[in-house]
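Peer 1: There's a structure below that I have some questions on.
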Amino acid sequence: LSIPLPTVPESEEAQTVTLEVTVQDESGLPISARTELLIHPAEFYIGLKPESWIGESKTAMGFDVVTTDWERNPSGDHALVAEFKQVRWERETGEFGFPVYVPVYTPVSSSNLATGPDGRARLSFVPPNAGTFMLDVSGGGTRTQTLIWVGGPGDAAWPQLDNNTLQLTAGRESYNPGETGTVFIPNPFATNSLALVTVERGILFSSEVVTLSGSGEEFSFDVTEEDAPNVYVTVTVLGQGNEFRHGVVNIPVAADALELNVQVTPNPTQAGPRDEITFDVLVIDHQGQPVQGEFSLAVVDLAVLALASPNSADIFTEYYSNQPLGIETSISLAALNKAGQAQGGLGGGGGGGADIPFVREEFPDTAYWNPALVTNAEGRGQVTMRLPDSLTTWNIDVRGLTLDTKVGQAETQVVATKPLLVRPVTPRFLVSGDHALMAAVINNNTSDELNVSVNLQSEGFVLDEPGKATQQVEVPANGRTRVEWWGTASLAQSADLIFTATTTGSPSLQDSTRPVWGLLPILQYTSPQAFVTGGALRGAATQQEVISLPRTFTPTSGGLVVELSPSLAGNLTSALEAMPEPNEDSAESIVSYLLPNIEVYRALNSAGLNDPKLVERVEANLNSSVNRLFYLQNPDGGWNWWGRSSSLYGEAGEASDPVISAYVFFGLLRAREAGAPMNEDALQRAGTYLRDRKAPQRFTSEARNLDDAAFIQFALAHANTFDDAALNNLYDQRDRMNPSGLAWLAFTMSKYNSSDSRTRDLISNLESAAILTSSSAHWESKDAELFTRDSAIYTTSAVVYALAQIDPANQIIPNAVRYLAAHRNANRMWNTGHDNAWAILALNAAMVGMGEVRADFAFEAELNGSPLTNGDIAGIQVTPLTATVPLEFLSPNSPNLLTIHREDGLGRLYYNAILQLNRPVQDVKPLDKGMQIERAYLAASCRASTQDDASGPSRRPTRACPHLSSIQLGPNQQLLAQLTLTLPHDAYHVMVEDFIPAGTEILDQNLETSQQAVDSTDVQVQFDDSNPFGEGWGWWLFNPPQIRDESILFTADYLPAGTYVLTYTLTPLQAGEYRVLPAHAWQAFFPEVQGTSAGTVFEIKP
């Protein structure tokens, strides 16, 4: 393959050109890789070496000149020009007020020369006076320069550098132990001067005082093994009076004696899935002697390692790359030195018929990891493991160290393969109704042509032609053949596909596998108009609910789910199980998942109860969630809603969100109570950050600021930290606070002083602020706005949480609990993460405060007069009873009557009924509730042709691009998805999620196997139709998007009112007609403010 090099601008310096190659095989998945090509400035390079760094005025100085080719071999017979110039530095003030030293050159003499056949030549110049001189040699398009220092009568021309620093020059770039190192020390003063010279790194190796005369002296020292990997020569020169100069030079020293020779040998070097393999490890030192040490051995899929740069640096480089100075010498003046500071470190396979040995279905990224492989006195160790099902190349990495911190590592590879193998070609997910093309690539790794029977066994995916589930194909020797099946995604929750290939002749070969991502989820669109009801029954009672199917559309699937729980415990465990996994980039999301789980876990444990699923969740998530929260902590000690800040101060002067920080701090304290190990220093920094957030002064702040200040005091109270002045300040302004703020203040004051009468006053205020009905009570904020967190669910939960702990006998609590129990949504939760977390915390506190764990009564439910479910509880029941009625058993034209009855007895019966209906995606209409979002698909080439605009910004919007509803598969084919988000008002904590067609993949340029030479994601802001980009681009308003299997998620902490155009790139992979779920935009703390796009169907043509 020959690729012509593009025109590269001429330069006297080397340039780098990046070549990116993208390939596709029968699977259609593009894989990119890139390499760099060095463009040399000329056919040869010039090297210069002075006989000495120091010269005398009016005395000839000699220079060796060498010309080499690109491989550093001699290259002779080149004509060159040499120019000898004197240099002086003029001090100027730079752009940011810092001094800049500009060299000024005065020509002295010049000479023409030519190198001989051996590439060598000699030069000689006579410096006319003392000073600094530069020799410039050029020719053939290349150039090199060197500086020398000349002594003699007159002042030396050393520049007065910033902070009185002194430039030192090492004689060579690096040294080996046993050699003599040299450093030229210039004399910065006109007279002889004294210099303290030290050799150091961490400790002081040696020191001496030398006298500098003339232009300077060459300092020599012995280089030893202890100096590896580098050593610092530090010089402080004293002049007259208070004059001084200080300099440091870092000298690399070869560290071969510190590197271990690690060898790892696999047996066998090629194996099949589930085969055993043994790794023999041998470790010797640089002298060939065996070494005892501790090592780790990791077996990782090489395809995974190709996706990103290594997350662990080479161990030798990490240990023995440039080391920091770590010491201060030569009086306190050394503090002016800025050198020697520490530098940061660097941070599968796939494959139904009967009688098959096994189905490959385990495809881990890491097959094995042993962190404690210890070599014996002979330097040997051994590990045996069983390979998983992946057919891939496994990368084996062995690394470790000895007690005296000699380190080393080695890598090798093992190929896991089969003579006949199947590679499924499927989407990562499906949407019900998708008509898609599934395929399998059959690899024949033998030297004979094979007749192969290929079968697709599917559940949840209905083949168009079931009779062709098995196909016969001929696969050439060492070749591949693609086999295809068309089918439709059913109403099931997932599709289970098993691909099997079996030879029909001799030899008898077979392979059977599921896709590498396992079961394919089948998504459904659930109507937002789902019917949800709930409540609580006490004593002998009967409750009836009328449930009717909608008349505005015909649902395709769904049903009625009825949940009965004879205690709050069952209600809570059900809600916890419904919670989705948290987003690891959001501290708020992590706490909103972790905190309810650990609080209910602790409450049930205290009551002697055990819910196995809850225990499993807590044990699996507690430590990892705490560690992730500390990872997201900002330098100032606080947290953001999303991601983390890299600096102490954000754009507005403060990096962290105080309320989010208080929420995380509270969650960490509760996690510590649950037994999670804690970074106490980081926790202390968080407490310090919160203590510095003072309560707003009287009459100077809005109610929400007072509520936030009360919540911060509430969080600090759990660390037994109280600010009496802040509490008094807040109490004085209680009439202006919302119920949630009053609740946090009442809790904190009660914890600070349980006999404080002011707590009773706050409780009375909360009672009078309650909104009462005949059977429930709830609270709302007086000034709820779109950017506050005070929804009715949150406000009511805050009050219940506080009252249940400071006044558990309060008669308003049961009615408030009834309100919360009745307001679970169709997902069996309360709004989104934050509201849902506080609702569970409140109900958990109420359960503990009211002692409502045990129950003793019988209960039942009927639908249209027929029994649905029943129970008889006498004690404790953690798991609720659940009954599901499919859509086809519900009356479509007349109301359905749900009757819930309970007998008299101890406890309350909590019930929830959810009618959840699915409808065709293509029938979904846009929804605008304070946000509007539209989606369009455009040709990727159209964006490139419309964004260049020489008259204005470097890029402009893609308005002229026609919208696409289909695209043809082809090499390097890409598609642009464009979301237009319109906000009539400023919005906070905005989330925008867009679902993709199942037959496409999002171009993720964080992966090294993705194309980098194309645009990926973009954000544009439109404020004014006449000047849509007058306010600039809006990418900085959004956090980096999260790319998922089925969607992409954009987030922003704050967006001013306006129109935003978000774009990302899709790669079509599988042919089919795909239902695309609507894009959804919402506010995280006010999900009622939301918008959805229309659903659509997008076709990818074969």
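Laboratory data are not the source of any read-out in this text; all were calculated from the coordinates shown. As the structure is a prediction and not an experimental result, all values here were calculated from the model. FYI the Cβ positions are ideal-geometry reconstructions off the backbone, even for glycines, and counts take in every protein chain you see.
Peer 1: Using a cut-off of 17 Å between alpha-carbon atoms, which aspartates and glutamates can reach K468, once sequence neighbours fewer than 8 places away in the same chain are excluded?
Peer 2: E459, E484
Peer 1: If the only charges are +1 at each Lys and Arg Cβ and -1 at each Asp and Glu Cβ, what is the size of the charge dipole of the chain around the Cα centre, to the nearest 20 debye?
Peer 2: Using Cβ point charges on Lys, Arg, Asp and Glu, the chain gives about 2060 debye.
Peer 1: Based on other C-beta atoms within 10 Å, arrange W744, W70, W149 from fewest to most.
Peer 2: W70, W149, W744
Peer 1: Continuing with the same structure: For segment 584-691, what Kirkwood radius comes out of the mean inverse Cα-Cα distance, in Å?
Peer 2: When all Cα pairs of segment 584-691 are included, the Kirkwood radius is 14.2 Å.
Peer 1: Please report the spacing between the Cα centers of segment 456-484 and segment 503-564 in Å, no decimals.
Peer 2: So the two Cα centres are separated by 30 Å.
Peer 1: Next question, about the same structure. Can you give me the Rg/Rh ratio for segment 694-816, using Cα atoms for both radii and the Kirkwood formula for Rh?
Peer 2: Value, to two decimals: 0.94.
Peer 1: Sticking with this structure for a sec: Once you have the Cα-Cα distance between H963 and A469, take 0.36 nm times their residue separation minus that, and quote the gain in nm to one decimal.
Peer 2: My answer for the length gained is 174.2 nm.
Peer 1: Quick check on segment 42-147: take the gyration tensor over C-alpha atoms, sort the square-rooted eigenvalues as a ≥ b ≥ c, and tell me if it's rounded (a/c under 1.5), prolate or oblate.
Peer 2: oblate
Peer 1: Continuing with this model, one more query. To make sure I understand, if each residue's beta carbon is the centre and we count other beta carbons within 10 Å, what order do W1036, W830, W517 fall in, fewest to most?
Peer 2: The most exposed by this proxy come first: W1036, W517, W830.
Peer 1: Given a Förster radius of 41 Å and the C-beta distance between N73 and D314 as r, what FRET efficiency does 1/(1 + (r/R0)^6) yield to the nearest 0.05?
Peer 2: With R0 = 41 Å, the Cβ-Cβ based efficiency is 0.90.
Peer 1: Roughly how many whole Å is it from the C-alpha centroid of segment 849-868 to that of segment 208-226?
Peer 2: 91 Å
Peer 1: Once Lys and Arg get +1 and Asp and Glu get -1 on their Cβ, which of Y794, T405, V415 lies farthest toward the positive end of the dipole of the chain?
Peer 2: So the residue furthest toward the plus end is Y794.
Peer 1: Pop out the Kirkwood hydrodynamic radius of segment 420-523 from its pairwise C-alpha distances, inverse of mean 1/r, in Å to one decimal.
Peer 2: When all Cα pairs of segment 420-523 are included, the Kirkwood radius is 13.9 Å.
Peer 1: How long is the gain from S220 to L5 if the chain were fully straight, where each residue apart is worth 0.36 nm and the alpha carbon distance is subtracted?
Peer 2: The S220-L5 span can extend by a further 72.6 nm.
Peer 1: Also: Could you state the principal axis extents of the C-alpha atoms in the chain, from the largest down, to the nearest angstrom?
Peer 2: 116, 89, 75
Peer 1: Which of V431, V441 has the fewest other C-beta atoms within 10 Å, and how do the rest follow up to the most?
Peer 2: Fewest to most other Cβ atoms nearby, the residues stand as V441, V431.
Peer 1: How high is the FRET efficiency between R691 and D761 when r is their beta carbon distance and R₀ equals 35 Å, given to the nearest 0.05?
Peer 2: 0.85
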